[in-house]
């Protein structure tokens, strides 16, 4: 593991090994440098009310130990979702709570992550005949629910479906489920949550959009 990024609202913390370069996502952003000498202080600063900062933490310890600190400090939840392609090379998106999003959801007890990814895409969009492919990336973001800080890991997969009919899951706040071009998907993701903006950058780099 060379680096990983944790997102909170529109900000992020990128953790990098002291011998590695800054990640591409952080390179062109406005950020502050920290070291991993006091991780609790870093997160207090990052999560403070009204804080508008993004950080790059240069780590002396192995990044696996830093990730273990996060898993021990926050309530950890797993989620999974998909970047779905159709025969016209379009991508499936949803619109929820005023932002463009990709279908995803929590991994339930007893499920594999791949099974959960397919189930969540089907439930949120009504799309059938889904084929799941290779993993794309994992994103990490932090949020507060009822006074508890939660770290969510979302595993993203390539998916394909030749089905066309879409039915947004309105009871989950989803207003629209639509097919868009892959270029439009990346534009939409750029104005969405910071973790999805990062995923869009990963897809652009991979697919040279």
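The values are calculated or read from the model by the stated rules, or taken from the named source; none is laboratory data. Note that the coordinates shown come from a computational prediction; the quantities given were computed from them, not determined experimentally. Because the Cβ atoms are built from the backbone with ideal geometry, glycine has one as well, and the counts that use them run over all protein chains shown.
In the condition set (1) touching a residue at least 24 places away in the same chain (Cβ under 8 Å); (2) within 30 Å of residue 126 (Cβ to Cβ); (3) surrounded by fewer than 12 Cβ atoms within 10 Å (Cβ to Cβ); (4) out of contact with any helix residue (DSSP H, G or I) (no Cβ under 8 Å at 6 or more places or on another chain), residue 52 is compliant with all but (2). The single condition from (1) farther than 20 Å from residue 96 by Cβ; (2) in a strand (DSSP E or B) that residue 163 fails is (2). When the residues of segment 189-209 are filtered to those that are in contact (Cβ under 8 Å) with a residue 24 or more places away in the chain and part of a loop (DSSP other than H, G, I, E, B), the one that is farthest from residue 78 (Cα to Cα) is 209.
Scanning segment 170-182 for residues that are in a helix (DSSP H, G or I), touching a strand residue (DSSP E or B) at 6+ places or on another chain (Cβ under 9 Å) and surrounded by fewer than 15 Cβ atoms within 10 Å (Cβ to Cβ) yields a count of 1. Taking the criterion of being over 20 Å from the mean Cα position of the chain (by Cα) and within 27 Å of residue 78 (Cβ to Cβ), the residues of segment 154-168 that qualify are 161, 163, 166, 167, 168. The residues of segment 96-119 that are surrounded by 15 or more Cβ atoms within 10 Å (Cβ to Cβ), in contact with a helix residue (DSSP H, G or I) (Cβ under 9 Å, 6 or more places away or on another chain) and touching a residue at least 40 places away in the same chain (Cβ under 8 Å), listed by number, are 96, 100, 101, 102, 103, 104.
Counting the residues of segment 67-93 that are surrounded by fewer than 18 Cβ atoms within 10 Å (Cβ to Cβ) and at negative phi gives 14.
Looking across segment 120-141, the residues that are surrounded by fewer than 20 Cβ atoms within 10 Å (Cβ to Cβ) and either in the same structural domain as residue 68 (by TED's automatic domain parsing) or in a strand (DSSP E or B) (or both) come down to 131, 132, 133, 134, 135, 136, 137, 138.
So that you can scan it fast, the table gives a plain yes or no per residue for (1) part of a strand (DSSP E or B); (2) surrounded by 18 or more Cβ atoms within 10 Å (Cβ to Cβ):
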| position | (1), (2) |
| --- | --- |
| 155 | yes, yes |
| 168 | no, yes |
| 184 | no, no |
| 187 | no, no |
